[in-house]
1. Quick one: plug the Kirkwood hydrodynamic radius of region 201-265 (C-alpha pairs) into Stokes-Einstein at 25 °C, 0.890 mPa s, and report D in µm²/s.
2. Could you compute how much accessible surface M79 exposes when probed at 1.4 Å, giving the result in Å² to the nearest 10?
3. Could you please report the charge total around I210, scoring K, R as +1 and D, E as -1 over all other residues with beta-carbon less than 15 angstrom from its beta-carbon?
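The values are calculated or read from the model by the stated rules, or taken from the named source; none is laboratory data. Predicted model, so just to flag it, every value in this text is computed and none were measured. Quick reminder, even Gly has a Cβ in these numbers, built from the backbone with ideal geometry, and neighbours come from all protein chains shown. Ligands, DNA and RNA are excluded from the accessible area calculation, which covers all protein heavy atoms including side chains. Shrake-Rupley method; radii C 1.70, N 1.55, O 1.52, S 1.80 Å.
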Amino acid sequence: MGGIKINDRAQVLDTEGNVIPGLFAAGEVTGGVHGNNRLGGNAVADFVIFGRIAGSSAAGVEEVAAEEAAPAEEAAGGMYVPGTYTAESTGMGKVVVNVTVDENSITAIEIDGSGETPGIGSVAVEKLPDAIVEANTYEVDGVAGATLTSTAIRNAVAAALEEAAAKEAAPAEAAGGMYVPGTYTAESTGMGKVVVNVTVDENSITAIEIDGSGETPGIGSVAVEKLPDAIVEANTYEVDGVAGATLTSTAIRNAVAAALEEAAA
């Protein structure tokens, strides 16, 4: 018993454990999340649950593709101002990324993650650049066992891409501002799913609401309580996290960065 290996989003993985973009599978063709050694006696639950997950994930890919193709400004001038952009975030230590883009895609990523744990975080430092370039988005799966480093890398890449896009929008700022006013929703992963609703006017963040019900009470919950005011006051997601709640703090900043990127698009 066995078959194609998939992850918890029903995305098909290659022989090295990397996601194959746009390919989903469920049912008897797969070995499920158990890979080539699927457990017997769970086929009905397997194909029902992962069939739905595969459909939802595939629909999400189509929606993202449609959204990316929609803006008329992309056809005229591209998503980014070509160049190399530097940003940083915090994993086990400071993680610095240099992200190179052309008008519509990420072409290269270099990471200084010398403070990350050898054999754990270092694996994320090695693998995620290729995965992000291939998917052309920072929203890729992290490396198992290296959640903190993976989240820091994605957070830093999101910040670099926001800078690349913001430079393109700058000439119009006097006429229309940095953002399209409204409320934008995005999510990231801390101890559980962290969902943010970020409200902006033309040039500033005016309010943030966070659903962090899956975060650890008294630890992650403190970050959920304190970071919204700090981000609004600083008018940027690049604020200090809460001591002892690094994972939740990073997830909040990552989600706010994604919401602001949507607001600027």
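1. Numbers: Rh = 12.0 Å.
Estimated via Stokes-Einstein, D reaches 205 µm²/s.
2. 60 Å²
3. Numbers: positive: K193, K226, R253; negative: E187, E209, D211, E215, E225, D229.
Local net charge: -3.
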